[in-house]
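Since every read-out is calculated from the coordinates, none of them should be taken as a lab result. This one's a predicted model, so the numbers in the text were calculated from it and none came from an experiment. So basically every Cβ, Gly included, is an ideal-geometry build from the backbone, and we count neighbours across all protein chains shown.
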């Protein structure tokens with residue numbers, strides 16, 4: 001037996017609040033918004049955006065979910081692993097994906113209080129206006145999901161791909 005098989009892992013944390021049970025209409029509205037936002041976007045791109053925002057927001061629950069969904073959509077392990085260091089690994093991604101990842105970071109972090117013009121312009125060159133609007137909506141929705149999950153301490157590890165899709 002390897003050391004990992006004998007390892008005693010830390011216990012799971014307890015969720016703070018089952019928010020979806022207490023606010024089912026909010027949860028259902030979020031699911032509808034998420035479905036509307038993804039329309040017209042490539043499934044792999046959609047999952048890369050969700051993973052990158054979740055990395056930035058330290059949302060373990062959403063990282064668990066969206067890495068599993070990305071793999072189920074045919075995404076490679078290598079591209080998922082490299083996503084946290086994408087600036088050093090640009091050669092794994094298309095120009096369109098890089099523009100989407102940059103926009104995801106700008107919208108998620110809002111470091112300077114706004115999305116820089118050059119980031120927006122790169123995205124606008126890669127997506128038509130409808131796709132760009134859907135992309136922005138997807139970024140905003142995953143940030144909302146992240147905030148629900150992080151605040152209520154949703155527990156990662158139990159999600160099955162496609163379970164909520």
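Would you check if residue 53 is in a helix (DSSP H, G or I), surrounded by 10 or more Cβ atoms within 10 Å (Cβ to Cβ) and free of Cβ contacts under 8 Å to residues at least 40 places away in the same chain? No; evaluated as a whole, the condition is false for this residue.
When each of 47, 25, 8 is tested for being in a helix (DSSP H, G or I), out of contact with any strand residue (DSSP E or B) (no Cβ under 9 Å at 6 or more places or on another chain) and surrounded by fewer than 11 Cβ atoms within 10 Å (Cβ to Cβ), the lone residue that passes is 25.
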